[in-house]
Structure formats: C-alpha cells, structure tokens
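**Q** Before anything else, here's the structure in question.
The values are calculated or read from the model by the stated rules, or taken from the named source; none is laboratory data. Just so we're clear, the structure is a prediction, and the values are computed from it rather than from any experiment. In this analysis, Cβ positions are derived from the backbone assuming ideal geometry, glycine residues included, and neighbour counts consider all displayed protein chains. Please note that ligands, DNA and RNA were not included when accessible areas were found on the heavy atoms of the full protein model with its side chains. Shrake-Rupley method; radii C 1.70, N 1.55, O 1.52, S 1.80 Å.
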Amino acid sequence: MTGTQHQWAVGLFAVIVLVTLGITLWAGRRGQAAEEFYTGGREFSPLQNGFALSGDYLSAASFLGVTGLIALYGYDGVLYSVGFLVAWLAVLMLVAELVRNAGRYTLADVLAVRLRRRPVRAAVGSASVVVTLLYLVAQMVGAGSLVALLLGTGSGAAKTWAIVAVGGLMIVYVTVGGMKATTWIQIVKAVLLVAGSALLTLLVLVRFRGDLAGLMRAAAEHSGAGPAYLRPGLKYGATTASRLDLISLGLALVLGTAGLPHILSRFYTVPTARAARRSTVWAIGLIGGFYLMAIVLGLGAAALVGSAAVRADNPAGNTAVPLLAQVLGGGASSTGGLLLFALISAIAFATILAVVAGLTLASSAAFAHDLYLGVWRRARGGAEVTARQEVLVARGAAVLIGALAIVLSLFAQRLNVAFLVGLAFAVAASANLPTLLYSLFWRRFTSRGAVCSVSAGLATAVLLVLFSPVVSGSPTAVLPGLDFHWFPLENPGLVAIPVGFLAGWLGTVTSREPADPDGYAELEVRALTGAGAA
C-alpha cells in the first residue's frame, strides 16, 4: 500500500470510531438505571433487535475468518458457514421465547427461578465470563491482523497496539453507553456489513458474468489444491483425528449458539416473548443471506487473489476479504482498489468494535449481577445493593475483563479467528446449554445437577483445549516451541458436550435434595405464558 492508501484507510477507520463514540455518548445520557444498562429499557422493536442479533453474531470470525477458511480450504471452509447458520434453528425453536419470559438480565436468572440461587449463579456466571473471554480474544486477534494489513506491516508491534486500542474502545462503549449504545452500534454495523458484503459479492459475480461454476473452477485452479479444493477432506479428511475434529466442530457450532451469553441477553432488549421470536426470524434471514455471500467471497478470494497469496499475507487467512476488495477495485495501485480496500477494512473494523462491545457487556453483567450481587454480597449479607451500585460494579468489571482480554489476545495472534470462536462455542455448548435445557424441560432437575453440569462441561472443555494442538505441539499453536498435548482434537466439543449433559444427569439422580415442584411449575408457567416476566 502507498502512503495515500494508508491515509484513506486510516481516515475511514477514524470515521467509524467517531460515529460509534457519538452513539455511545448519546446513549450514555439516556439513563443509568440497571434496566437501562443491561437491557436498553426493553424498548427495541423486533426488526431493530433482529439487526442487533445479526450484528452480535456476524463477528470477525464470520467476515474475516470464515471467508479466509473458504479461500484456503474450499469445501471444508464452507462447513463453518453451514454450522453457524443451522445453529439459529435451535435458538428459535428451543430458547428464544422461553428465555425472554423466564429471565431478567442473564442466563442465571432463568435457572434461579427453580434452583438454589447462590451455587447456580456462581457456576453459570463463571462459565459465562470464560465463554465471552474466548470470544473476545477471537475478535481482538482479528483486529490485530486487520490493522497490521491496513498499515502495511506484519510487525508484532502494530498488531499489539491495534489490540490495545480495540480493547480501550470496547471498555468506553460499555462503561459509558451500556446496552442502548451497544445495540445501536450493532445495528449500524449490521447494515454496513451486509451492504459491504453485497457489494463485493456483486462485483465477484460480475467479474465471472454470473457463472458460479466458472467461479468454482477458477477457485480450485488458483487454490494450489486442484479439484481437491471442491471436495471434502482438504482440512479435515486427512486423518481419523481430523474427521473427528469436523464432527466436534459441527456439534459445537450447532449447539453452542443457544448457550452464548451475549446472544441470550439480546432477548431481554425487546418488550415481549413474541418480539423475541420475531427478532430471531429477522436474524436468521440476515445471517443466512450473509453466509451465502461469504461463500462467494471465499471462492472469489481463492480465484482472484489466490490461496497462496492469502496464506502468505496471513497464514490463518484472516485478511482474505480486504485483499479481495483490493483486487476487485482494480489492484493495489489503483484508486478503485484503494477505496474499496479502505471501505471493506473499515467495515471489518466496525464489525470487531461492535461485537467486542456486546461481549464485554455480557461478561460484565454476568460478573456484577450473578457473581457480585448473587453470590458474594448474598454470602456477606448486610445492606441491600442498589441498582446504581450494581451498575458501578458492572462498569468496573468491564474494565477488568477488557484488560484481561487484551493480555490473552497478545498470545493468540497466530490463530484463525473462526477457529477461536469455535472454541468459545464448544465451551458454551458444554457448560451453559445442558443446564439451560435441563432446567427448562426436566422436572426432576436439581441444583446439584446444574452445578455439576456447568462445572464438568466447563472444566472438561478448558482442560482439553489446554492439552490440545491449539496450545502446543504444532507450528500454529499458542506455544509452538513446546509440545505437551495429548488430546488429538483441536475442538473439544465431541467430548465436552456429552460430559456436560451426563454430569447434569448424574448430579440430579444422586442428589439428596429433591427437585422443587413448585419452582418448576412457576418456571414453566412463566416461560410458556409470560406471566410474571420482566
């Protein structure tokens, strides 16, 4: 990139930052009550929340990571997009309305209706913080890769400062604006992302005159893998372990969405359960359309940029879309290439900023509302915590969680962002989802079963990741110079998800404390009818 290209790209980045900061300051003056901070006053329409849901979900893993995997691995990369989309059917059918009716601010609110509050809030709140931290790391790694590309350097210093800057901005968004600012940032980001993806998709199709078969042939030809690019197995079919990894990944993606704290908290921003379901339908339409475009963009990057060039620029493929935009605009030295590259890079940056804000808010809510208020203060007794004090704790938690996410991101810069998100989905599916489903649909479920399910699922997922090729034993690992891995799979979902469900069942059947029939009846009535819902 030339100096002029740098200036244009940095200028558009600055516009994105100024707009989002303006939204944050505007929303920050609208009210500081707990309900405003956590839910935005529950005043968003289904359409608005549908755009916000898609904005929360379509992260750097989608725009940068999935398209990069498709550009590098073809058919196997497409499987990521399929898993991400199918997951929303489970959300729509199983949890959207029920969670909106039964809860108030967090996932633990749903469980606390029928289970003992302190142990359940401690377990679920801790799991929610871990899941959102993993997701945050993925977004900030994407930010480092993007800004390094923008500045025309692959230096670690550029990526480090980019991660620190994104972390600082996300702390400002959450501490100043709360859910209202986060939601409007998500809406703006979703509109920009869908519009930018549609523009690139149109340009790719025009380049190949609408011939999708020709696009696929060109992608295979320039992928370096030939016809194998369009067949299963380029990434996941070489060994038995890689095939099992594919199954594990699919389970994590399909089941994990319904356990993601920042997605579940979105259902509290609408006034009714019917609005929650309608917003999910809107989200499915927007997300489905985006992933169809992502497939075209991944194939376009392989065909026009070349898989080798994508891999040379970023081994994980995280910069495939900006490189494709540069080629579609006329090349690196053209004005069109400059403008399109800068525009798409700015949209990707907006994507990262919006998602990290939603994640930070969800984790700070879990810390303040579940761990601080529901566990620590309840154990100590004393004066009741006011809503203002709770919000102050949530803001402080956002600062601490943001700082921790920055530190963790600095050690994970070489990993594909879509892969990192797959780990977050695996932990959510292992720890949160079994407990949520048991609580909603199993009359005999007990508090001990909930704690066992969350603890075993979380511990198993984290332990298997620590001793997997993700951390050591491979060139792209977090610690490439060491090798202490014994778990052969990169994604722990295949083992950890069944462990979470099994532990919930074992904890329940061995519990000395019987289930609370009145509590389950109250949860069932509230979840199905909305009676008593916030």
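**Q** Roll a 1.4 angstrom probe over the protein heavy atoms and tell me the percent of accessible area of region 304-386 that is carbon or sulfur.
**A** For region 304-386, the apolar C and S fraction of the accessible surface comes to 59 percent.
**Q** Same structure, new question: What is the spread of the Cα atoms of the chain along each of their three principal axes, largest first, in whole Å?
**A** Sorted largest first, the three principal extents are 67, 54, 42 Å.
**Q** Hey, any idea what % of region 402-534's accessible area is carbon plus sulfur with a 1.4 Å probe?
**A** Result for region 402-534: 69 percent of the exposed heavy-atom area is carbon or sulfur.
**Q** Principal axis extents for region 181-333, Cα atoms only, whole Å, descending order, please.
**A** Largest to smallest, the principal-axis extents are 52, 43, 27 Å.
**Q** I'd like to know which of F84, T529, T460 lies farthest towards the positive end of the charge dipole of the chain, counting +1 on Cβ of Lys and Arg and -1 on Cβ of Asp and Glu.
**A** T529
**Q** Normalise the Debye intensity by I(0) for region 77-148, one equal point scatterer per Cα, no solvent, then take log10 at q = 0.14, 0.18, 0.28 Å⁻¹ and round to two decimals.
**A** Taking Cα atoms of region 77-148 as identical point scatterers yields -0.68, -0.94, -1.13.
**Q** Over region 94-233, with every protein chain in place, what whole percent of the accessible area is carbon and sulfur at 1.4 Å, could you tell me?
**A** 66 percent
**Q** Along the charge dipole of the chain, Cβ charges K/R +1 and D/E -1, which of L440, L338, V296 sits furthest on the positive end?
**A** In the chain, that residue is L440.
**Q** Which residues' amide hydrogens lie under 5 Å from the amide hydrogen of L479, considering only partners 5 or more residues apart or on another chain, with H built in the peptide plane?
**A** S472
**Q** Give the accessible surface of the chain per residue, rounded to a whole number of Å², with probe radius 1.4 Å and ligands, DNA and RNA excluded.
**A** Each residue of the chain exposes 36 Å² on average to a 1.4 Å probe.
**Q** Using just the Cα positions, wrap region 1-122 in a convex hull and report its mean projected area in square nanometres, one decimal place.
**A** The orientation-averaged projected area of the Cα hull of region 1-122 comes to 12.0 nm².
**Q** Using a Förster distance of 25 angstrom, determine the FRET efficiency expected from the C-beta separation of W486 and R243, and round it to 0.05.
**A** 0.85
**Q** A198 to L94: FRET efficiency via 1/(1 + (r/R0)^6), r the Cβ-Cβ distance, R0 30 Å, to the nearest 0.05?
**A** Computed FRET efficiency for A198 and L94 comes out at 0.45.
**Q** Taking 7 Å along the Cα-to-C-beta vector as the label spot, tell me the V191-L392 distance in nanometres, rounded to one decimal.
**A** Result: 3.7 nm between the two label points.
**Q** Follow-up question, since we're still on this one. With θ set to phi - 60°, apply the Karplus curve 6.51 cos²θ - 1.76 cosθ + 1.60 along region 392-409 and write out the HN-Hα couplings as whole Hz, x wherever there is a Gly or Pro.
**A** Values per residue, Gly and Pro as x: 4, 5, 4, 5, x, 5, 4, 5, 5, 5, x, 5, 5, 4, 4, 4, 5, 5 Hz.
**Q** Apply the Karplus parameterisation 6.51 cos²θ - 1.76 cosθ + 1.60, with θ equal to phi minus 60°, to every residue of region 69-85 and state each ³J(HN,Hα) to the nearest whole Hz, in sequence, with x for glycine and proline.
**A** Going residue by residue, I get 5, 5, 4, 8, 10, x, 3, 5, x, 4, 4, 4, 5, 5, x, 4, 6 Hz, with x marking Gly and Pro.
**Q** Residue by residue through region 437-442, which ³J(HN,Hα) values in whole Hz follow from phi under the Karplus form 6.51 cos²θ - 1.76 cosθ + 1.60 (θ = phi - 60°), with glycine and proline marked x?
**A** 3J(HN,Hα) across region 437-442, in whole Hz: 5, 4, 5, 6, 10, 10.
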